[in-house]
Each structure stands twice: as structure tokens, then as C-alpha cells.
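The values are calculated or read from the model by the stated rules, or taken from the named source; none is laboratory data. Fair warning: this is a prediction, and the values are worked out from it, not measured in the lab. Cβ coordinates were reconstructed from backbone atoms using ideal geometry, including for glycine residues, and neighbour counts include every protein chain displayed.
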Amino acid sequence: MKYTKLGKADLTVSRICLGCMGFGDAANGQHSWTVDEAQTREIIRRALELGVNFFDTAIAYQSGTSERYVGRALRDFARREDVVVTTKFLPRTQEEIDVGVTGRQHIENYLNQSLRNLGMDYVDLYIYHMWDYQTPVEEIMEGLNDMVKAGKARYIGISNCFAWQLAKANFYAREHGLAEFVSVQGHYNLIFREEEREMGPFCQDQNIAMTPYSALAGGRLSKRPGETSKRLAEDSYARLKYDATAEQDGEIIRRVAELADKRGVSMTEIALAWLLTKVTSPVVGATKLHHIEGAARAVELELTQDEMDYLEELYVPHALVGVMAQNTAASAKKPHVWSVGDQKIR
Ligand SMILES: NC(=O)c1ccc[n+]([C@@H]2O[C@H](COP(=O)([O-])OP(=O)(O)OC[C@H]3O[C@@H](n4cnc5c(N)ncnc54)[C@H](OP(=O)(O)O)[C@@H]3O)[C@@H](O)[C@H]2O)c1
């Protein structure tokens, strides 16, 4: 494994972050394809053996059961100071707004619940999961700063935002001496490259770490034409992100397969080796041992400039999809797929 600094933060992270959205009670949440606690523990133990020290979960993943499984496994297999743990909070719900829960209280309540789920007294990176149009950014930044001052979050990060939103938030924080976002978790992979337009150059200029999610397009960049899996069949949310452009993306995926054959490696290694040249640490999902093993091997693979050009050549701009397609003031009051399920947040 190779390691790097997470932007300006004093955190040393593995070049692969293990995405933990696929861990949790499959009967209790957004996804039907998640793996149980025993399988989660095996994958986390293998990730640690391979040198992965960076773990990404969220309160929204399977009603907090991802956080619980991850927290217990890390307590059993690692020392707290040797791992970098991130989790995320959702926007305020209409119910919270109606009963007068402020943005600052909301953040504290959510982080307290996440810490209970994880069985930890702090997280290394606390992530603003998606832009909350109903809560002023000032309140968000004050609330996050409260958590850093209280020692419950070492650093803060953001996910699913436009570059202008990140700039606006950090500008406010800098003006007021508050904690700034040190990382951004956006949707970025070989078949979805919209982050290259504004976010990439902005992050480079500001030394903000990019830790993109769906680094393998939910498994599409790991599969040959016709290959399928439980997740590909059941993950309807991911299908909404990729189905509309499947034909044009298929040409790029074919090139990934072609280069994999030429280099004698897996498609996963090609797709991640490409992304690793662009970002700090991709967040890669794993529901099988060989998934994390493939991701770890990618860190060792170097592509030539010709291979990079060949992989990039066919991309054409895509419309925004998934959470980013809902990043508008008009969408703010519409329900989105994420919720905290049956957790009693307080
Ligand atoms: N901030 C956000 O809004 C957000 C959104 C989505 C995800 N995330 C984070 O990002 C993580 C990753 O996202 P993701 O799961 O959507 O995307 P991903 O990493 O693009 O896809 C993971 C899938 O790729 C396949 N795969 C992984 N390694 C493989 C290997 N070595 N060989 C063959 N197939 C392999 C598996 O699919 P099969 O099971 O089909 O084989 C696996 O479920 C999540 O766990 C979560 O932590 C964050």
C-alpha cells in the first residue's frame, strides 16, 4: 500500500479508501445487496492486512448498521489511532425544521448518534453528505466547527457539491476563523468525469483532497460486457446513474477490458490506476474479499501516457446524475432516497 496526506489535514491515509456502504443489515435500509456483519469483518480484516487505513461510512447507510459493523470490526482488529474513520450527516429533515432544531443542533445530534453507532469518541473526518438548501451555510460551518472544537471530529469534509458551494463554505470559515473543509467526496470515475471541469482544478489550487466515490461506477468498470452480479441486478439507484449513458460508456469500458488483457491485470486495476493519477484516495466499495485485493493492487500499477489518452479519448460530457442531479434549491423539499431509517437521533 502507498500512503499520502489528506490535503492540508494532518492525516496520513492509504491511497485506497474502503467504502463501507455495502456493509449493513440488508433488511434495514436503502440497499438490498449489502453484506452481513461476519462478511464485513472478513473484508475489513483483509483491508487492514493490505495496509488500508482509511474507511468511509455514513449514518444513512442501512440505518446506521454500516457504522455499527465498521466500528466493531475496527475496535477488534485495529488500534483507533492507526485508522482514519469518516462518516457523514444528512440535511435537516422537514420534521426537525418544524420543531425548531437548528443546523448547529442537527449536526451535534447526528454526530453523537454516529459516534454511538461506531463506538468511538471521535471521527477523523466528518462529512457534509449533500448540500442542505434549507440550512444556511453559516450554520453548517459553525456547527461543524463546534464539533472540531469539542474534539468529536478532527477534520471536516464535504460531498456532492459544486465547486462554488465548497468555495463559499470555506470562504465563510476562513473569514471567521472556523474549520475549513479539507476534502471533497464527489462522483468521479472513468465514465463520469464532470469533476474535472471545476472541482479538480479548484481542489488542486486549494490543496483540498479529492476522495471520489463510485470509483468503479458501482462495479461497471470491473465487468466485461454481459457479466452481472447481485448488486448490478438490484442496485436500482446506481442504474439511474448509469443506464441512460450505458451505450456510450460501454465503449470506454471495452477499452478498460482491452488494456486489462494487454497488461495482464484486472479491469479494476486499470480503472483505479487511472483515477489514482487524478485524486488523493478513491473510495472503493467491496462486498467480497477479492474486491479489496484488486483495489489494493491498483496502487502498484502505472499506466503510460498513451494508455491514459486511450482511456480518456472517448468521454463526452454527461448530465449530472444521482445526488448531484438533486443539488438545486427546487429539489430541496422533494424527498431523496437517503434517510436515517429507524435511528432515534438526539
Ligand atoms: N458520498 C456519497 O454520496 C456516496 C455515494 C455512493 C458511494 N459512496 C461511498 O463510496 C463507496 C464506493 O461506492 P460504490 O460502491 O457506489 O462504487 P464502486 O466502488 O464504484 O463500486 C463497488 C462495486 O464494484 C465492484 N468491485 C469492487 N472491487 C472489485 C474488484 N476488485 N473486482 C470486481 N468487481 C469489483 C463490486 O460490485 P459487484 O458486487 O457488482 O461485483 C462493488 O460492489 C461506498 O461504499 C461509499 O462509502 C458515497
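Yes/no per residue for (1) out of contact with any strand residue (DSSP E or B) (no Cβ under 7 Å at 6 or more places or on another chain); (2) aromatic (Phe, Trp, Tyr); (3) assigned to a helix (DSSP H, G or I); (4) surrounded by 15 or more Cβ atoms within 10 Å (Cβ to Cβ):
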site	(1), (2), (3), (4)
GLU307	yes, no, yes, yes
TYR310	yes, yes, yes, yes
LEU320	yes, no, no, yes
VAL323	yes, no, yes, yes
ASN327	yes, no, no, yes
ALA330	yes, no, yes, no
PRO335	yes, no, no, no
GLY341	yes, no, no, yes
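Among the helices (runs of 4 or more DSSP H) confined to region 182-282, the ones with at least 2 residues that are free of Cβ contacts under 8 Å to residues at least 60 places away in the same chain and closer than 25 Å to VAL299 by Cβ are located at 199-206, 246-263, 267-276. Scanning region 264-290 for residues that are over 18 Å from the mean Cα position of the chain (by Cα) and buried (at least 20 other Cβ atoms within 10 Å of the Cβ) yields SER266, MET267, GLU269, ILE270. Within region 142-164, residues that are at positive phi have Cβ atoms under 8 Å from residues that are among the aliphatic types (A, V, I, L, M) in these pairs: ASN160/MET130; ASN160/VAL323; ASN160/MET324, counting only partners at least 6 apart in sequence or on another chain. For region 67-124, a tally of residues being among the basic types (Lys, Arg), crowded, with 17+ Cβ neighbours inside 10 Å and under 24 Å from SER281 (Cα atoms) returns 3.
Results for (1) within 26 Å of VAL299 (Cβ to Cβ); (2) crowded, with 19+ Cβ neighbours inside 10 Å; (3) of a type in the set (Gly, Ala, Ser), shown as yes or no for each residue.
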residue: MET1; (1), (2), (3): yes, no, no
residue: ILE16; (1), (2), (3): yes, yes, no
residue: CYS20; (1), (2), (3): yes, yes, no
residue: ASP36; (1), (2), (3): no, no, no
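If you go through region 274-297 and pick out every residue that is under 24 Å from ASN207 (Cβ atoms), more than 8 Å from the ligand (Cβ to nearest atom) and either touching an Asp or Glu at 6+ places or on another chain (Cβ under 7 Å) or not hydrophobic (A, V, I, L, M, F, W, C) (or both), you end up with 4.
Reported count of residues in region 125-142, each being over 19 Å from the mean Cα position of the chain (by Cα) and either surrounded by fewer than 24 Cβ atoms within 10 Å (Cβ to Cβ) or within 18 Å of GLY186 (Cβ to Cβ) (or both), is 9.
Here ILE158 fulfils each of the conditions (1) within 12 Å of the ligand (Cβ to nearest atom); (2) farther than 28 Å from LEU111 by Cα; (3) surrounded by 21 or more Cβ atoms within 10 Å (Cβ to Cβ) apart from (2). For region 1-51, enumerate the residues that are in a helix (DSSP H, G or I), within 15 Å of the ligand (Cβ to nearest atom) and aliphatic (A, V, I, L, M). Within region 1-51, ILE43, ILE44, ALA47 meet the criteria. For region 53-60, the criterion of being free of Cβ contacts under 8 Å to residues at least 40 places away in the same chain, surrounded by fewer than 24 Cβ atoms within 10 Å (Cβ to Cβ) and closer than 24 Å to THR280 by Cβ is met by none of the residues. Taken over region 171-193, the criterion of being β-branched (Val, Ile, Thr) and within 14 Å of the ligand (Cβ to nearest atom) is satisfied by VAL184, ILE191.
When GLU196 is tested against (1) near the ligand (Cβ under 8 Å from one of its atoms); (2) out of contact with any helix residue (DSSP H, G or I) (no Cβ under 9 Å at 6 or more places or on another chain), only condition (1) is not met. Pairs are defined by a Cβ separation below 6 Å, a sequence spacing of at least 6 or placement on different chains, a first member in region 72-90 that is within 14 Å of VAL52 (Cα to Cα), and a second member that is modelled with pLDDT of 95 or more and polar (S, T, N, Q); the pairs so defined are VAL83/ASN53; VAL84/ASN53. Scanning region 238-258 for residues that are of a type in the set (A, V, I, L, M) and either surrounded by fewer than 17 Cβ atoms within 10 Å (Cβ to Cβ) or more than 15 Å from the ligand (Cβ to nearest atom) (or both) returns LEU240, ALA244, ALA246. For LEU115, the conditions (1) touching a helix residue (DSSP H, G or I) at 6+ places or on another chain (Cβ under 8 Å); (2) in contact (Cβ under 8 Å) with a residue 24 or more places away in the chain; (3) not polar (S, T, N, Q) are fulfilled apart from (1).
Applying a threshold of 6 Å to beta carbon distances and a minimum spacing of six or more residues, or different chains, the list of pairs starting in region 326-340 at a residue that is within 13 Å of ASN160 (Cβ to Cβ) and ending at one that is at pLDDT below 90 and in a loop (DSSP other than H, G, I, E, B) reads GLN326/HIS336.
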